[in-house]
Amino acid sequence: MQIRGKKLEVLIPHSDIQQKVKQLADHIKNDFQGEKILAVGILKGSFMFFADLVRELGEGVYVDFMQVSSYKDGMESSGELTFIKDLSQDISGKNVLIIDDIIDTGYTLKKLVETLKDRNPKSLKTCVLLDKKERRKVEYSPDYIGFEIPDKFVVGYGLDWAEEGRTLKDIYCVLD
């Protein structure tokens with residue numbers, strides 16, 4: 001299989017993703033002990049993971065979405081967060097769970113958490129499917145992590161390369 005002329009190699013098969021989503025949901029449900037949760041999906045990359053996870057979380061989960069960027073016109077994070085789509089509701093007094101596809105440098109997730117803490121949620125936790133710890137440039141660790149992956153460019157299961165590859169069921173490394 002190829003994308004944009006580059007070969008792809010399966011990094012995480014869909015069956016492993018589904019198993020991990022169930023494990024994450026069980027952990028989150030245990031931590032929240034039946035309390036209501038506002039799940040906030042970070043668009044666009046998290047949409048498949050977000051949908052699967054909130055289905056596993058079940059009743060008492062409400063959803064909202066944000067779209068943010070820290071990349072401006074380049075391929076490296078600027079460290080500045082731009083809100084493209086903000087939340088559609090007040091989070092004051094609510095248990096908020098931010099769900100994102102991947103953390104690498106940590107700039108985006110850390111700034112997003114700092115921004116949302118100012119809105120006075122009851123609790124604020126983060127969940128990512130993929131963690132590229134090798135690329136971390138700021139001190140931040142998500143509360144829930146699916147898989148730690150090597151510093152490779154990945155696509156599939158919502159992650160894209162210039163909008164390509166999002167609909168692949170597995171997560172693939174793009175080979176040189």
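The values are calculated or read from the model by the stated rules, or taken from the named source; none is laboratory data. Because the structure is predicted, anything quoted here is derived from the model rather than measured. FYI the Cβ positions are ideal-geometry reconstructions off the backbone, even for glycines, and counts take in every protein chain you see.
Test each condition in (1) at pLDDT 95 or above; (2) among the polar types (S, T, N, Q); (3) within 16 Å of Leu43 (Cβ to Cβ) for Asn120 and report the one that comes out false.
Result: Asn120 fails condition (3) only.
Tell me which residues, restricted to the range 18-46, are free of Cβ contacts under 8 Å to residues at least 12 places away in the same chain and under 27 Å from Phe153 (Cβ atoms).
Across the range 18-46, the qualifying residues are Gln19, Gln23.
Restricting attention to the range 31-62, report how many residues are surrounded by fewer than 18 Cβ atoms within 10 Å (Cβ to Cβ) and either assigned to a helix (DSSP H, G or I) or more than 14 Å from the chain's Cα centre (by Cα) (or both).
14
Please state which of the following conditions Ser92 fails to meet, knowing it meets all the rest: (1) closer than 23 Å to His14 by Cβ; (2) among the small types (Gly, Ala, Ser); (3) surrounded by fewer than 13 Cβ atoms within 10 Å (Cβ to Cβ).
Every listed condition holds for Ser92 apart from (1).
Criterion first (surrounded by 14 or more Cβ atoms within 10 Å (Cβ to Cβ), without any contact (Cβ under 8 Å) to a residue 40 or more places away in the chain and among the hydroxyl-bearing types (Ser, Thr, Tyr)) does Thr82 satisfy it?
Against the criterion (surrounded by 14 or more Cβ atoms within 10 Å (Cβ to Cβ), without any contact (Cβ under 8 Å) to a residue 40 or more places away in the chain and among the hydroxyl-bearing types (Ser, Thr, Tyr)), Thr82 does not qualify.
Looking at Gly34, is it at pLDDT below 95 and more than 22 Å from Asp90 (Cα to Cα)?
When the stated conditions are applied, Gly34 does not pass them.
Examine the range 9-21 for a residue that is part of a helix (DSSP H, G or I) and under 13 Å from the mean Cα position of the chain (by Cα), and state whether such a residue exists.
Checked the range 9-21: at least one residue is part of a helix (DSSP H, G or I) and under 13 Å from the mean Cα position of the chain (by Cα).
Just checking, which of Lys137, Lys122, Lys117 is over 17 Å from the mean Cα position of the chain (by Cα), surrounded by fewer than 14 Cβ atoms within 10 Å (Cβ to Cβ) and free of Cβ contacts under 8 Å to residues at least 12 places away in the same chain?
None of the others qualify; the one that does is Lys117.
Any residue that is modelled with pLDDT under 95 and more than 22 Å from Ile37 (Cβ to Cβ) - is there at least one of those in the range 88-105?
yes
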